[in-house]
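Shown next, in structure tokens, is the structure this report addresses.
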Amino acid sequence: MGLNLTQKIIREHLISGEMIPGKEISIRIDQTLTQDSTGTMAYLQFEAMGIPRVKTKKSVAYIDHNTLQTGFENADDHKYIQTVAAKYGIYFSKPGNGICHQVHLERFGVPGMTLLGSDSHTPTGGGLGMLAIGAGGLDVAVAMGGGPYYLMMPKVCCVNLRGRLKPWVSAKDIILEILRILTVKGGVGKVMEYTGEGVKTLSVPERATITNMGAELGATTSIFPSDEITREFLKAQGREEDWRELLPDEDAEYDEEIEIDLSSLEPLVAQPHSPDNVVKVSEIAGLKVDQVAIGSCTNSSYADMMKVAAILKGKTVHPDVSLVIAPGSKQVLTMLAQNGALADMVAAGARILESACGPCIGMGQAPASNAVSLRTFNRNFEGRSGTRSAKVYLVSPEVAAASALKGYLTDPRELGEAPTVEMPDRFLVNDNLIIAPAPEGNNVEVVRGPNIKPFPVNTELKEKVEGKVLIKLGDNITTDHIMPSNAKLLPFRSNVPYLAEFCLTPCDPDFPRRAKENGGGFILGGSNYGQGSSREHAALAPLQLGIKGVIAKSFARIHMANLINSGILPLVLENVEDYEQIDEGDELVLENIREQIKAGSRLTVKNKTKGTEINVLITLSDRQKDIILAGGLLNYTRKGSL
């Protein structure tokens, strides 16, 4: 039996375990990346481990999230990250150099390597043939210290691409179609591996758009082969020596398979408020549009921007539309400036933003009340834009540009002949905003601003865990609900005590007060609890408030791992019907919890209020059991378990 590409890379990096789906494995990590929203905490945790120098082949710290400097907080965090990077052997990408995933694709990604990033869209690197996985900051800190990354061996789903995209149809439409078919839960526990003759028709940036939004499927990661197209991209970046061919065996086997006929696709749109709420643009065309935002790590490549510029050239944005454009990297922005495409955008009436995440994370450009905003981004969760009443639709750059001109949602096929953009033979390479670390042994002072506060660390698990159900939530609660991320709160990512005051406030403004008054307790959730970002603040803020466990119908992968890392019990209802038998305010108790965890995966929860008992499952490997018993990964690691 031949191996698929995912299995080949995992086998090369396997440290422990067997490649059997559902079994825990550990792999060696070659590269790590952080961004400033999660990076400050990751580096504070790395420092707490007492390791003098990173042990990866390359680690990079990016500044791309918290770039709106309305006070000292963001700038202080940037200075901390820059100095800690210099001291510990980490490359530093300065503000303005670009979005981490776009820059990493251009300048650092290497086919066949493993990449662990403290951002849920790290799988973008799969467009280059990397095994790129998003994780919590503490997992990344451990990897920087030379520790393995543990995960459940995923199933591998073959996505067989047939045919070729028609004009005006893009890579964004491919991943939207897959989301329509599989939903935001359809990739949980899986790697999406792309094969078929259609792969050869897609450039590396197009492939990266698809792997980027694989995160919205809940997938562990997504990956394309490394072939001649990959080689040409790396050659154009001046990095041909990093290329290696990586293909699945001809007789490779997969756990699942779906087929996408590229020639049958047409422009698609994800409606509010979920990336899988997908319909054809033609079905809702004519919807009045107030704002259009083009950019993000999903669609900010040189090719995307050149298509947008070609559509806008010589025309004027509709008077009722605000159009904002953010090229994904300094490389892209500079090339647009040199070839005149940037001038075409500006002349048409576009507002040019800096090369950063910006509106995608609610960092500026919040829409007007009740506005319709078309965005080329990857998520359209309610309120994520910064305006709770806004309706955000996810579209391709082509649909976005056409709609900006017309003033309403427009099928770009109405515009006539589609623009053709060729990938350049040579990208402009200027890495003067990437700062190499200081030589090992140099005495570098780490600068800590007053906004950096100690982060919460759990204690060893007690024999009895009890508390009230502090809140009862529905399905698909996102990390944006648990720990809101917007322009007002992002500057406090290194100040967990302050952030905790906003934990779950989009669901219930009184939650933090109630949690503190009751000395912590439990959260009750529905299906897919914790979907979305990798931000471990969605576990650290509840820990700060004394949350002892989360009971849910099911969990999103990264958030469940972050709860375990924080020593918070992730408890899955054995019978989902029991969800209806638990109410906010019920007093719950788990007795002899340490012995119960050591004995197996089924635990008994007593509802003292109702006088009933229910069973919950806590599916942990032996290592994860030790982490929970120790009160979290940091305590476990400090005991010499790295």
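So which GluC sites (Glu not before Pro) in the stretch 383-430 end up in coil per DSSP with only 14 or fewer other C-beta atoms within 10 Å?
E417, E422
Please give the peptides 593-601, 558-566, 134-142, 434-442 ranked by average Cβ packing (other Cβ atoms within 10 Å per residue), highest first, as a rough proxy for protection.
Output ranking for 593-601, 558-566, 134-142, 434-442: 134-142, 558-566, 593-601, 434-442.
Can you spot the aspartates and glutamates whose alpha carbon is less than 13 Å from K280's alpha carbon? Ignore those fewer than 8 places along the same chain.
Counting by Cα, and skipping residues close in sequence, K280 has these aspartates and glutamates nearby: D173, E177, E266, D411.
Lysines near K235 by alpha-carbon distance under 18 Å, same-chain residues fewer than 8 away left out - which ones?
K200
So which of K166/K391; K58/K453; K58/K185; K185/K516; K23/K625 end up more than 23 Å apart by C-alpha?
As for pairs spanning more than 23 Å Cα to Cα, those are K166/K391; K58/K453; K58/K185; K185/K516.
Multiply the residue gap between T505 and V279 by 0.36 nm, knock off their C-alpha separation, and tell me the result in nm, one decimal place.
Fully extending the segment from T505 to V279 adds 78.2 nm.
With a Förster radius of 22 Å, plug the Cβ-Cβ distance of K462 and R638 into 1/(1 + (r/R0)^6) and report the FRET value to the nearest 0.05.
It comes out at approximately 0.70.
Sorted from largest down, give the three principal axis spans of the alpha carbons of the stretch 577-642, whole angstrom values.
43, 22, 20
For the pair T201/M1, report the inter-label distance in nm, with labels modelled 7 Å from Cα in the Cβ direction.
Each label point is offset 7 Å from its Cα along the Cβ direction, giving 3.2 nm.
Peptides 480-488, 465-473, 618-626: what's the order by average Cβ count within 10 Å, highest mean first?
Packing proxy ranking, top to bottom: 480-488, 465-473, 618-626.
Could I have the simple spin-label model distance between R53 and D475, label points 7 Å from Cα toward Cβ, reported in nm to one decimal?
Here the answer is 5.2 nm between the modelled labels.
Contour minus end-to-end for D261 and A337, with contour as 0.36 nm per residue of separation and end-to-end as the Cα-Cα distance?
Contour length minus Cα-Cα distance gives 23.7 nm.
Measuring from centroid to centroid over Cα atoms, what is the spacing of the stretch 76-100 and the stretch 289-353 in Å?
Answer, in whole Å: 27.
So if I take the alpha carbon set of the stretch 268-415, get Rg, then get Rh from the Kirkwood formula, what is the Rg over Rh ratio?
Value, to two decimals: 0.93.
Take the Cα radius of gyration of the stretch 5-264 and divide it by 2.2 N^0.38 Å, with N its residue count; two decimals is plenty.
Its radius of gyration relative to the 2.2 N^0.38 Å reference: 1.00.
Let me spell out the model: positive unit charges on the Cβ of Lys and Arg, negative unit charges on the Cβ of Asp and Glu, origin at the Cα centre of the chain. What dipole size does that give, in debye rounded to 20?
1400 debye
Over all directions, what mean area does the Cα convex hull of the stretch 218-264 project, stated in square nanometres?
Mean projected area for the stretch 218-264: 5.5 nm², to one decimal.
Separation between the E241 and N592 pseudo-spin-labels, each 7 Å from Cα along Cα→Cβ, expressed in nm?
So the two model labels end up 6.3 nm from each other.
What aspartates and glutamates sit close enough to K462 to cross-link, taking a C-alpha to C-alpha distance under 14 Å and skipping anything fewer than 8 places away on the same chain?
Answer for K462, where 14 Å is the Cα cut-off: E591, E595, D626, listed by chain and number.
Based on the Cα atoms of the chain, what semi-axes does the equivalent ellipsoid have, where each is the square root of 5 times one gyration tensor eigenvalue, given in whole Å with the largest first?
After diagonalising the Cα gyration tensor, the semi-axes are 37, 27, 25 Å.
Values in this text are rule-based calculations from the coordinates and carry no lab data. What you are looking at is a predicted structure, and each value in this text was computed from that prediction instead of being measured. Backbone-built Cβ (ideal geometry, glycine too); neighbour counts: all protein chains shown.
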